[in-house]
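Below: the structure, in structure tokens.
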Amino acid sequence: MTERTATLREITDALATARGMSTDEHERLYSRARTMRDRGLIFTRLPRSQGRETKYAEGDICAAVTAISMSLAGTSQDVIAAMLGQLRTFGPRGEIHACGTPAFEDHLAAIRSGAPVFVRFDVVHLGDDSGRWPGTHSRMGSLASLGLEEEFERTDAYGATYRIEKSDLIPVTLHCKPVLDILAED
């Protein structure tokens with residue numbers, strides 16, 4: 001199967017169609033996506049060519065749709081950036097993320113097939129009760145693989161205590177599959 005590509009306009013039009021938005025809402029959604037792209041939240045692994053509209057590969061499309069959907073739900077851009085930094089192996093300028101994983105690309109077949117894929121985003125504090133050294137931890141996969149256990153605090157082998165302060169579950173397949181299906185029709 002050849003990998004589909006799409007422009008940012010095509011992605012936002014497909015997302016707006018999937019959500020049943022009006023024409024005015026299409027334009028506002030595209031404007032939001034352009035702002036997110038300009039701020040480095042939406043980017044592509046495909047090479048850019050001067051004078052041509054940027055194309056996004058399917059993994060990039062899923063990452064963009066997830067980021068836009070989170071933004072529409074009121075998630076801050078800092079949280080979106082932290083999540084993408086851990087679920088992508090590269091950044092908006094092509095820099096390599098040493099701790100990132102190619103999560104969207106790794107789960108693309110499952111998303112295409114409609115299998116439930118989620119992102120679990122945790123805000124974690126390391127240290128004593130003062131809550132110092134906050135950080136984030138993002139994982140993508142099925143509900144079973146994400147470990148939705150009741151353990152909110154753990155101590156590692158070095159004696160460091162990690163406490164989950166907040167956890168969000170983002171339904172990637174729910175947001176991305178309709179967009180990929182609409183793009184496939186074109």
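Here is how the numbers come out for the structure above:
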quantity: Evaluation of residue 113 against (1) touching a helix residue (DSSP H, G or I) at 6+ places or on another chain (Cβ under 7 Å); (2) hydroxyl-bearing (Ser, Thr, Tyr); (3) at pLDDT 90 or above (one fails), failing number; calculated: (1)
quantity: Residue ID - surrounded by the fewest Cβ atoms within 10 Å (Cβ to Cβ), chosen from residues in region 21-57 that are among the hydrophobic types (A, V, I, L, M, F, W, C) and touching a residue at least 24 places away in the same chain (Cβ under 8 Å); calculated: 46
quantity: Residue in region 66-85 that is in contact with a helix residue (DSSP H, G or I) (Cβ under 6 Å, 6 or more places away or on another chain), part of a loop (DSSP other than H, G, I, E, B) and touching a residue at least 60 places away in the same chain (Cβ under 8 Å) present; calculated: no
quantity: Residues satisfying the stated conditions in region 9-20, i.e. of a type in the set (Val, Ile, Thr) and open to solvent by 40 Å² or more (accessible area, probe 1.4 Å); calculated: 17
quantity: Subset of region 1-20 (residues that are free of Cβ contacts under 8 Å to residues at least 40 places away in the same chain and in a loop (DSSP other than H, G, I, E, B)); calculated: 1, 2, 20
quantity: Region 66-75 - residue that is surrounded by 16 or more Cβ atoms within 10 Å (Cβ to Cβ) and not small (Gly, Ala, Ser) and, of those, modelled with the lowest pLDDT; calculated: 75
quantity: Odd one out for residue 62, checked against (1) assigned to a helix (DSSP H, G or I); (2) at pLDDT 90 or above; (3) open to solvent by 50 Å² or more (accessible area, probe 1.4 Å); calculated: (3)
quantity: Among (1) modelled with pLDDT under 90; (2) closer than 24 Å to residue 19 by Cα; (3) among the basic types (Lys, Arg) - the single one residue 45 does not satisfy; calculated: (2)
quantity: Looking only at region 76-103, and only at residues there that are in contact with a Leu (Cβ under 9 Å, 6 or more places away or on another chain) and either within 22 Å of residue 166 (Cβ to Cβ) or at pLDDT 95 or above (or both), the one that is surrounded by the most Cβ atoms within 10 Å (Cβ to Cβ); calculated: 84
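The values are calculated or read from the model by the stated rules, or taken from the named source; none is laboratory data. Everything numeric in this text was worked out from a predicted model, so none of it was measured. Neighbour counts are summed over all protein chains in view; Cβ atoms, including those assigned to glycine, are modelled from backbone coordinates with ideal geometry. The accessibility values were calculated without ligands, DNA or RNA, using every heavy atom of the protein model including side chains. Shrake-Rupley method; radii C 1.70, N 1.55, O 1.52, S 1.80 Å.
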